[in-house]
Amino acid sequence: MSLILGMITAAVCLVVIAIVKSTAKVEEGHAAVLTSFGKIKKKGNGEPYVMSSGLHVKAPWEVIHEFSIMERVLPIREDEREVEILARDGTLVRVDPQVRFNFDPRRMESFVFGIKRPISHLRELFRGLLSVEIGKFGGQQPE
């Protein structure tokens, strides 16, 4: 009798674990993508299957990767100093730039999975673009 009771208890526990592992909650303002054995789950047209906020059902072996799709502000300066950039005419320009961005869930695959530190990458990319654009400023005046 105790053997049967133990088997029933084990079966109930397995069912509860399977149900818990088969549900995924995506928070408001976030989206998520599923991976199955390390491979991104895709739709028939080849785009990643992106889950919006809410409760979702998944296979127990699938892993959910959640990311924010809310607009964020990324300060470019480091430490508490302004960024100093030299213009073409030798003028030192001090700026306090910020980038406002959000993820496009349909194009997030390379940003979330392809780059190890995406926020640092975005900061350095913008800092380089800012240096190039301010570096073009100044020089000869039009006649």
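The values are calculated or read from the model by the stated rules, or taken from the named source; none is laboratory data. Remember, predicted model here, so these are calculated numbers, not experimental data. Backbone-built Cβ (ideal geometry, glycine too); neighbour counts: all protein chains shown.
Here is how the numbers come out for the structure above:
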item: Answer from 25, 42 - the residue that is free of Cβ contacts under 8 Å to residues at least 24 places away in the same chain and either assigned by TED's automatic domain parsing to the domain that holds residue 120 or of a type outside the set (S, T, N, Q) (or both); result: 42
item: Looking only at the range 14-39, and only at residues there that are exposed (fewer than 15 other Cβ atoms within 10 Å of the Cβ) and of a type in the set (A, V, I, L, M, F, W, C), the one that is nearest to residue 108 (Cα to Cα); result: 37
item: Strands (runs of 3 or more DSSP E) contained entirely in the range 36-143, each with at least 3 residues that are closer than 30 Å to residue 15 by Cα and at pLDDT 80 or above; result: 54-57, 62-68
item: Count - residues of the range 16-35 that are assigned to a strand (DSSP E or B) and polar (S, T, N, Q); result: 2
item: Residue that is surrounded by the fewest Cβ atoms within 10 Å (Cβ to Cβ), among those in the range 61-105 that are within 17 Å of residue 123 (Cα to Cα) and aliphatic (A, V, I, L, M); result: 73
